[in-house]
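Just below is one structure, and these are the notes that go with it.
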Protein chains: 2
Amino acid sequence: MSVETHPDLTKNQALVFGSLSDAGGPLTAYAILDLLRDSGFRAPLQVYRALDKLVEYGMVHRLESLNAFVACSHKGCSSHGTAAFAICEKCGVVSEFTPDKAMSLLRDWTKSEGFQLSRTTIELRGTCRQCAVPN
Amino acid sequence: MSVETHPDLTKNQALVFGSLSDAGGPLTAYAILDLLRDSGFRAPLQVYRALDKLVEYGMVHRLESLNAFVACSHKGCSSHGTAAFAICEKCGVVSEFTPDKAMSLLRDWTKSEGFQLSRTTIELRGTCRQCAVPN
DNA sequence: GCCCCGGCGTTACGTTATTACGTATGTAGC
DNA sequence: GCTACATACGTAATAACGTAACGCCGGGGC
C-alpha cells in the first residue's frame, strides 16, 4: 500500500509510531508512555529513544511549542520539504503543511548571513476555522 | 535615551528584563532565578510571572526550541512584526530578524484555511558564519 | 570464538513549569 | 473612611518534561 519509506522499525519504534498514528494528533512523551504500559513500557527513556529515531527518519515531528510529538501527515512520508504546523488553541487540532515559498525566503536570509541551516521550526498558534465563532 | 515603549515595569519585571538585557543572549527561567537570588528572588514563579508580562509587552521573546527567553533586540521595542530567530548550535548565539515576506506568505496560508493567527514561532537551528569552519 | 555496535531495560536524577493558597497594595465607587 | 475589586507578590508543593549512567542482549563481521 505504501511505498518503502523507512528503515525497518524496531518493536519499540513501531509501538510508538502506532500510538501517534492512532491518536491522529499530538501526544506528549509521557502520554505515549501511559498508552504503552500494557505493551511493556516502563520508563520515559524507552519512549524518547524511539521518538529520537522516528524524528530522525522524518516519520514524526516534534512540536516545540507543545512539547509534544505528532506523526507526519504525509502518506508514506516520502520526501518533502520543511513542515510547518498550525495549532488550534481551542480544539487542539494540528494541521501540517509545507510552506515552500516561505522557507525559500528564510533560506535567502540564512544564505545572506552565512548561516548553515540544519533544522527549522515553524509553528502557528491560533484558532482553526471550525473553532472560530461564526456569528 | 530610549523612547517610551512599555507600561511601567514592576520591580520584579525590571529585574528580570535587566538580567536578560545584560546577558545579551538567551537565559532559562532557572538561570534568571539564580542570577536574581541576591535581589531576593526565591522561587521559579517569581521569574515566570515576570516573563509572562514581558513577553506580553513584546519586550522578551520565548525560544521554544531552547526553553529559554531572550530580550527583544529592537531598540526600545517599538512596533515591529513577527520575529524569527537563528540559533547557532555551536556557540549559542541567537540572531533575531523580521521575516516580513515569509510571514506574509504564512498569513496567506492561514487566510485560505480560515485560521485565525495569534502567535507565530519561527526558529532556525544551525551554524553561524563565525562557527562554520572556514577552511 | 571474539569483538563491536545498536537497541533495550532500569534506576536515578536533573530541568522546566504550574497549582494552590495567602498576603500586600492600588484604585474606583460610595 | 470604607468596601470591592484587580494586580502583583511570596511561598510551598508538585507536576511535567527530559537525560545520565549502568549493564544486558543479540546479530554481523572476521
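Look at the Cα gyration tensor of the protein assembly as shown: its axes a ≥ b ≥ c give a/c of at least 1.5 with a/b over b/c, and that counts as prolate. Inter-chain neighbour count for A:88-96: the average number of beta-carbon atoms from partner chains within 10 Å of each residue's beta-carbon is 1. Computed about its Cα centre, the charge dipole of the range B:11-126 is approximately 180 debye, with only Lys, Arg, Asp and Glu carrying charge at their Cβ.
With label points set 7 Å from Cα along Cα→Cβ, the inter-copy distances at B:VAL93 are 4.3 nm, sorted shortest first. A point 7 Å from Cα along Cα→Cβ stands in for A:TYR48, and the other copies hold the same point at 2.0 nm, listed in rising order.
Taking only the Cα atoms of the range B:11-126, the ratio Rg/Rh comes out at 1.01, with Rh defined as the Kirkwood radius. For chain B, the relative contact order is 22 percent, taking Cα pairs closer than 8 Å that sit 6 or more residues apart in sequence and dividing their mean separation by the residue count. Among B:GLN13, B:GLN46, B:GLN116, which one shows the biggest mean-square fluctuation in a GNM of chain B, springs joining Cα atoms closer than 10 Å? Greatest mean-square fluctuation among the candidates belongs to B:GLN116.
Per-residue ellipticity at 222 nm, computed for chain B from helices alone with -39500 (n - 2.57) per DSSP H run of at least four residues, works out to -10500 deg cm²/dmol.
Read the figures in this text as sums done on the coordinates, not as results from a lab. Not measured: the values here are computed from a predicted model. With ideal geometry, Cβ positions are generated from the backbone for all residues, glycine too; neighbour counts draw on all protein chains shown.
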